[in-house]
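Structure, as structure tokens:
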Amino acid sequence: MIYQYLGVVIGILAVIIAIIRFRDGKTSSAMLIFWIAIWSVISLVSVFPETTTILANLFGIGRGLDLILILGIIASYYLVFKLYTMIEKLELEITELVRQIALNQEENETKKYINEDEDLEK
């Protein structure tokens, strides 16, 4: 079937992209291993689609496609949760940074006014 070849080609391209991103320093070694594992599983499932049915039966799910959809939804929720926590952390860091910048600017302006007053007194 055409989707089997397409799945393997996309999997190989994705692994190559992950390796290039790792080489460029845009991803960690743990993420490289994670993406290689994910795309390898996707490639294997596209070549051997009956494995999803076997796994689905082990988990008490009727069809292999149902298992894939359930796992996809769970992974999507996990990623949304992970992104949400990252955004919250970034917001807190930005707030702290803005406070520090404001305090530094206030301190610099205070020093500037003190220096101007001393120069006027001379």
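The values are calculated or read from the model by the stated rules, or taken from the named source; none is laboratory data. Bear in mind that the values here come from a model prediction, so they are computed numbers and not experimental data. Note that each Cβ is placed from the backbone with ideal geometry, even for glycine, and that neighbours are counted across all protein chains shown.
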**Report entry** Residue under evaluation A30, criteria (1) surrounded by 10 or more Cβ atoms within 10 Å (Cβ to Cβ); (2) in a helix (DSSP H, G or I), criterion not met
**Finding:** (1)
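With surrounded by 11 or more Cβ atoms within 10 Å (Cβ to Cβ) and more than 22 Å from the chain's Cα centre (by Cα) as the only criterion, which of V15, V9, V41 stands out?
Working: V15 fails: more than 22 Å from the chain's Cα centre (by Cα); V41 fails: more than 22 Å from the chain's Cα centre (by Cα).
Residue meeting the stated conditions: V9.
For (1) modelled with pLDDT of 90 or more; (2) in a helix (DSSP H, G or I); (3) among the basic types (K, R); (4) loosely packed, with under 10 Cβ neighbours inside 10 Å, each residue gets a yes or a no:
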site: G62; (1), (2), (3), (4): no, no, no, no
site: G72; (1), (2), (3), (4): yes, yes, no, no
site: A75; (1), (2), (3), (4): yes, yes, no, no
site: K82; (1), (2), (3), (4): yes, yes, yes, no
site: L97; (1), (2), (3), (4): yes, yes, no, no
site: L103; (1), (2), (3), (4): yes, yes, no, no
site: L120; (1), (2), (3), (4): no, yes, no, yes
